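Everything below concerns the one structure shown next.
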Amino acid sequence: MASSPPGEPGDVLPLPYDADSLARRVGPAWKETLLTIYRGMLLGRILDQRLLGLQRQGRVGFYGPAMGQEATNAAVAAALGKEDWVFPGLREQLVALLRGHPLPVYLAQLFGNEKDPARGRQMPCHPTAREVGYVSMSSVIGNQIPQAVGTAWALRRKGVAAIALACFGDGATSSGDFHAGLNFAGVLRVPVLFLLTNNQWAISLPASRQSAVATLAEKARAYGFSGSRVDGTDPVAVFCAVRDAREALLKGEGPRLLEAVFYRMAPHSSSDDPTRYQPPGWGEEARLHDPLGRLEPLLEKLGLVPGPARDRLREEIETEVRQAIQATEPLPPPGPESLFEDTYRHPFPPLTEERDRFDTEQGGHFP
Ligand SMILES: Cc1ncc(C[n+]2csc(CCOP(=O)(O)OP(=O)(O)O)c2C)c(N)n1
Ligand SMILES: [Mg+2]
């Protein structure tokens, strides 16, 4: 079995489309949609490679790559509406960026410096991007599921034409919050889309040992709504599935579960060594399903992104990432006064006393 480096065309499973089928499935703007998604996927891959490298050099504390998930993330971002809310798991930061969260601000969150909106209080890879409806994740697996359900309920009560998207992994389906969230959503029939990102591993536990059911998607039936599976390495399939589910939710047809299945092409996180538990050959098999490796030959065949244009695009994104890192990394940490801010709108003693004492000890520079 021939293999190729991630992102390079090689011996991958071809995507089954031509111009006619794309126009039929995606619609008249299929070229623009596909190019937007492709650019997003490339950004995701390039960022992962760079940021994992920075972590290895000790310049970022922690990193959770999403290699293999790029098609799902970029297609989801393209299919969502501006007013929708995203409740991510560990690997959907690309969705925030593609919804318009500025790259330098995202990087500031990884470095935990003065431009970080969370002021260094969250783990790296747990960004918050309120301005694009992207809620900071909690490290506690499954927490975001009932939060998304509550938000969907609020959206419906307020009459806002938007949905909440709850993203979570195969491992999260074993959490209590999965049950509570899906049950609540089914009873109230709120506009929430449960996006199950099945990368086939929960750290070292394979999805085959996560549950005794044949597919995780079928769990939705027990909560009174439909669940379906989609090839998460096929951006066209994911885009159409999310777009159609969203339309149904907006019509009040109740919640839905969509299981996107793909291959985790990287360690669980920068703190993991998958060679200790993944079977030999996993990486080779994953590369056959590499979403970028699958999409690039199609774009070439369609004449949309020939080789030289692809190289130029890569260079352009690499430059954008490099410049954003150079501009963000040297920024200082949040000021010491920020320790006393954000928790209370009107701080009161003893917090104000502690703040004054601390300021005096530091030489009296607080604003
Ligand atoms: C409640 C809880 N239990 C365990 C953990 C430790 N933990 C962190 S990530 C993870 C696996 C999550 O797997 P999955 O839901 O499939 O998401 P993936 O990381 O594969 O995207 C576990 C068990 C945790 N953070 N929270
Ligand atoms: Mg997983």
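Any read-out appearing in this document is the output of simple, stated calculations on the displayed coordinates, not a laboratory observation. Note that the coordinates shown come from a computational prediction; the quantities given were computed from them, not determined experimentally. All Cβ positions, glycine included, derive from the backbone under ideal geometry; neighbour counts span all protein chains shown.
With angles folded into 0 to 90 degrees, how steeply does helix 70-79 sit against the dominant principal axis of the chain? Use alpha carbons for both and round to 10.
It works out to around 80 degrees.
Anything over 27 Å Cα to Cα? Flag those among LYS115/LYS158; LYS219/LYS251; LYS158/LYS219; LYS82/LYS158; LYS158/LYS251; LYS251/LYS301, in the order listed.
Table pairs above 27 Å Cα-Cα are LYS115/LYS158; LYS158/LYS219; LYS251/LYS301.
Could you rank the peptides 13-19, 254-260, 361-367 by their average count of other C-beta atoms within 10 Å per residue, with the highest value first?
The most tightly packed comes first, giving 254-260, 13-19, 361-367.
When all alpha-carbon pairs of the chain are counted, what percent fall beyond 32 Å?
Pairs farther apart than 32 Å: 35 percent.
For segment 142-207, what ratio Rg/Rh do Cα atoms give with a Kirkwood hydrodynamic radius?
1.04
Tell me, what HN-Hα J-couplings in whole Hz come from the Karplus equation 6.51 cos²θ - 1.76 cosθ + 1.60 at θ = phi - 60° for each residue of segment 45-61, using x for Gly and Pro?
5, 5, 4, 4, 5, 5, 6, 5, x, 4, 5, 5, 8, x, 9, 10, x
What is the gain in length, in nm to one decimal, between ARG357 and GLU300 on full extension, counting 0.36 nm per residue of separation less the C-alpha to C-alpha distance?
14.0 nm
Quick one: what are the phi-derived ³J(HN,Hα) couplings along segment 173-184, Karplus 6.51/-1.76/1.60 with θ = phi - 60°, whole Hz, x for glycine and proline?
Calculated HN-Hα couplings, in order: 5, 8, 8, x, 5, 4, 4, 4, x, 5, 5, 4 Hz.
Which of THR328, GLY303, ILE317 sits closest to the plus end of the dipole of segment 291-333, meaning its Cα is farthest towards the positive end, when Lys and Arg get +1 and Asp and Glu get -1 on the C-beta?
So the residue we want is GLY303.
What are the ³J(HN,Hα) values, in whole Hz, obtained from phi via the Karplus relation 6.51 cos²θ - 1.76 cosθ + 1.60 with θ = phi - 60°, for each residue of segment 21-38 in sequence order, with x given for Gly and Pro?
5, 5, 4, 5, 7, 8, x, x, 8, 4, 5, 4, 4, 5, 5, 4, 5, 4
State the Cα centre-to-centre distance between segment 19-95 and segment 299-367 in whole Å.
21 Å
Given H placed 1.01 Å from N in the peptide plane, which residues other than close sequence neighbours of CYS167 have an amide H under 5 Å from its amide H?
Close amide H contacts, sequence-distant or interchain: PHE87, GLY89, LEU195.
On C-alpha positions alone, give me the angle between the axis of helix 307-328 and the longest principal axis of the chain, in degrees, nearest 10.
Roughly 10 degrees between the two axes.
Under a crude label model (7 Å from the Cα following the beta-carbon direction), how far is LEU205 from GLU329 in nanometres?
For the pair LEU205/GLU329, the computed spacing is 3.7 nm.
What order, most packed first, do the peptides 240-246, 41-47 have when packing is the mean number of other Cβ atoms within 10 Å of each residue?
Descending mean neighbour count gives 41-47, 240-246.
Under the rule of -39500 (n - 2.57) per DSSP H run of 4 or more residues, summed and divided by the residues of the chain, what mean residue ellipticity at 222 nm is obtained, to the nearest 500 deg cm²/dmol?
Helix contribution divided over all residues of the chain: -13500 deg cm²/dmol.
With contacts defined as alpha carbon pairs under 8 Å and 6 or more residues apart, what's the relative contact order of the chain in percent?
Across the chain, relative contact order equals 23 percent.
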